[in-house]
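The block underneath contains the structure these notes are about, expressed in structure tokens.
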Amino acid sequence: MKTARIIENQFAPDEWGGANDLHLLPDGRIEVIGHIAHQDKPDAQNKEGAKHYYAMSFIYDPSNHTATPIEIIATIKNFPEGDAKTPQHKDIVYPSSVVRHGDGTRTLYAGLRDAKAGCKEV
């Protein structure tokens, strides 16, 4: 049984994230669709600190355990206005999957503001 290996240095010290959807590429590499996030420090107006989640992607090469830099593929500004679960959740895009179409386009499906779901061509 193999154990998973952590991909080091993909996130800054105050960021976190993870994989939400994986796509095996013809050359054996893996496209990772995921999220990258950080949280503001609490202040007088926002006692818990607002959360910020963005949809991202990178390519992982399992043959040499390397990864390309993260690319942001969607932020909340890419979607229509809408209600948020709480004021701290106004800037949340939590990707669930990407569907590839035969014409080379892709559709990202994501949770928005912890209150709704949406999709966008990426």
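Given the residues 83, 91, which is the only one that is within 13 Å of the chain's Cα centre (by Cα) and within 27 Å of residue 121 (Cα to Cα)? Don't jump to the end; show me each part of the working.
Values: 83 fails: within 13 Å of the chain's Cα centre (by Cα).
Matching residue, one of 83, 91: 91.
For segment 42-80, how many residues meet the condition of being in contact with a strand residue (DSSP E or B) (Cβ under 6 Å, 6 or more places away or on another chain) and among the polar types (S, T, N, Q)?
4
Name every residue in segment 59-82 that is surrounded by 14 or more Cβ atoms within 10 Å (Cβ to Cβ) and closer than 12 Å to residue 33 by Cα, in order of residue number. Show your work before the answer.
Taking segment 59-82 first, the residues surrounded by 14 or more Cβ atoms within 10 Å (Cβ to Cβ) are 59-61, 67-68, 70, 73-76, 78-79.
Residues satisfying the conditions are 59, 60, 70, 73, 74.
Could you list all residues from segment 1-23 that are more than 23 Å from residue 110 (Cα to Cα) and of a type in the set (S, T, N, Q)?
3, 9
Restricted to segment 86-105, and to residues that are modelled with pLDDT under 95 and charged (D, E, K, R), which residue is nearest to residue 4 (Cα to Cα)?
Once the filter is applied, the top-ranked residue is 100.
Please go through segment 93-118 and give me each residue that is surrounded by 15 or more Cβ atoms within 10 Å (Cβ to Cβ), under 23 Å from residue 24 (Cβ atoms) and not hydroxyl-bearing (Ser, Thr, Tyr), ordered by number.
95, 98, 106, 108, 110
Any chance you could count how many residues in segment 67-122 are among the charged types (D, E, K, R) and within 28 Å of residue 9 (Cβ to Cβ)?
Here is the first cut: in segment 67-122, the residues among the charged types (D, E, K, R) are 71, 77, 81, 83, 85, 90-91, 100, 103, 106, 113-114, 116, 120-121.
Okay, now just the ones that are also within 28 Å of residue 9 (Cβ to Cβ), so 71, 77, 91, 106.
Number satisfying all stated conditions: 4.
Name the single residue, out of those in segment 1-58 being basic (Lys, Arg) and surrounded by 12 or more Cβ atoms within 10 Å (Cβ to Cβ), that is modelled with the lowest pLDDT. If you could, list the steps in order and put the result at the bottom.
To start, the set of residues in segment 1-58 that are basic (Lys, Arg) comprises 2, 5, 29, 41, 47, 51.
Adding the requirement that they be surrounded by 12 or more Cβ atoms within 10 Å (Cβ to Cβ) leaves 29, 51.
On the way: 29: 98, 51: 94.
Across segment 1-58, the extreme among qualifying residues is 51.
Give me the pairs, please: first residue somewhere in segment 66-85 and modelled with pLDDT of 95 or more, second residue anywhere and of a type in the set (Gly, Ala, Ser) and crowded, with 17+ Cβ neighbours inside 10 Å, beta-carbon distance under 6 Å, and either six or more positions apart or on two chains.
71/57; 73/55; 73/57; 74/55; 79/118
The values are calculated or read from the model by the stated rules, or taken from the named source; none is laboratory data. All figures in this text were calculated on a predicted structure; none of them were measured in a lab. For neighbour counting, all protein chains shown are included, and Cβ atoms are generated from backbone atoms with ideal geometry for every residue, glycine included.
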